[in-house]
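Trainee: Just dropping this structure here.
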Amino acid sequence: MADWTDPKTWVTGGTVTAPEMNAHLRDNLLYLYDAPAVAVRLTSAQTITDATDTTVSWDEAVWESVSTMWDVATPSKIIIPRDGVYSIVFNCLWDAGADGTKRASFFDVDGVRRRGTQVASVDPTEFQLVAETNLATDEELEFDVRHLHGSDLDILATRTVCTVRWVGGPQINV
């Protein structure tokens, strides 16, 4: 993954070197076009205890552009590799349960709740938590779910998936 170099202010008659062109053109284009992204999913149901915030523990990466964003050794965490604005889409499919009870999902950054959504359920309940937010290098994302069904309920492998994509970086003053 290339690093960003603040563009040089070029002057008329100045000499342009190969290392300058590589840093200011090639590497900056690689930085923009090789954006960090990951999609993780469940491959089997995860049981969620009633009235308890439970962290989703992902089973596999469907794809990832940066191999350090998700690791099977820490399956609940997505590690941010680069400062910037990220698009987050968390889709959750709940097993059938009583209509009218609550279903909720949240995402945390370094253990601090950042965003969430809550809906009244139908059988089964499927919904998305969608956000764009600023994140910093090495921050850790985790996703929590909660329900008020009265007994344990599963989130299902079918369509319980999360994508995290870098969509913008530092402001460039031209």
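Trainee: Among the residues that make up region 158-166, is at least one of them closer than 30 Å to residue 8 by Cβ and in contact (Cβ under 8 Å) with a residue 60 or more places away in the chain?
Mentor: Taking every residue of region 158-166 in turn, at least one turns out to be closer than 30 Å to residue 8 by Cβ and in contact (Cβ under 8 Å) with a residue 60 or more places away in the chain.
Trainee: How many residues does region 54-100 contain that are buried (at least 17 other Cβ atoms within 10 Å of the Cβ) and either in contact with a Gly (Cβ under 8 Å, 6 or more places away or on another chain) or on the phi > 0 side of the Ramachandran plot (or both)?
Mentor: Residues meeting the conditions: 2.
Trainee: Does residue 163 satisfy the condition of being modelled with pLDDT under 90 and among the polar types (S, T, N, Q)?
Mentor: Considered against the rule, which asks whether it is modelled with pLDDT under 90 and among the polar types (S, T, N, Q), residue 163 comes out as no.
Trainee: Report yes if residue 158 is of a type in the set (Ser, Thr, Tyr) and outside any strand (DSSP E or B), otherwise no.
Mentor: Yes: the conditions hold for residue 158.
Trainee: While we're on this one: Determine whether region 81-94 contains at least one residue that is of a type outside the set (Val, Ile, Thr), assigned to a loop (DSSP other than H, G, I, E, B) and over 25 Å from residue 133 (Cα atoms).
Mentor: No, region 81-94 has no match at all.
Trainee: Could you check, for region 22-31, whether at least one of its residues is more than 14 Å from residue 140 (Cα to Cα), aromatic (Phe, Trp, Tyr), in contact with a Ser or Thr (Cβ under 8 Å, 6 or more places away or on another chain) and surrounded by 13 or more Cβ atoms within 10 Å (Cβ to Cβ)?
Mentor: No, because not a single residue in region 22-31 is more than 14 Å from residue 140 (Cα to Cα), aromatic (Phe, Trp, Tyr), in contact with a Ser or Thr (Cβ under 8 Å, 6 or more places away or on another chain) and surrounded by 13 or more Cβ atoms within 10 Å (Cβ to Cβ).
Trainee: Another one. Return the residue satisfying two criteria in turn: it lies in region 1-15 and is among the hydrophobic types (A, V, I, L, M, F, W, C) and surrounded by 11 or more Cβ atoms within 10 Å (Cβ to Cβ), and of such residues it is modelled with the lowest pLDDT.
Mentor: 1
Trainee: Looking at region 100-118, can you tell me whether even one residue there is closer than 30 Å to residue 32 by Cβ, of a type in the set (A, V, I, L, M), over 13 Å from the mean Cα position of the chain (by Cα) and not in a loop (DSSP other than H, G, I, E, B)?
Mentor: Yes, there is a match, as at least one residue in region 100-118 is closer than 30 Å to residue 32 by Cβ, of a type in the set (A, V, I, L, M), over 13 Å from the mean Cα position of the chain (by Cα) and not in a loop (DSSP other than H, G, I, E, B).
Trainee: Among the residues in region 131-144, are any at pLDDT 90 or above, in contact with a Gly (Cβ under 9 Å, 6 or more places away or on another chain), within 14 Å of residue 39 (Cα to Cα) and not in a loop (DSSP other than H, G, I, E, B)?
Mentor: Yes.
Trainee: Return the only residue of 57, 67, 44 being without any contact (Cβ under 8 Å) to a residue 40 or more places away in the chain and closer than 27 Å to residue 151 by Cα.
Mentor: Within the list 57, 67, 44, the selection yields 57.
The values are calculated or read from the model by the stated rules, or taken from the named source; none is laboratory data. All figures in this text were calculated on a predicted structure; none of them were measured in a lab. A quick note on method: Cβ atoms are made from the backbone with ideal geometry, for glycine too, and the neighbour counts reach across all protein chains shown.
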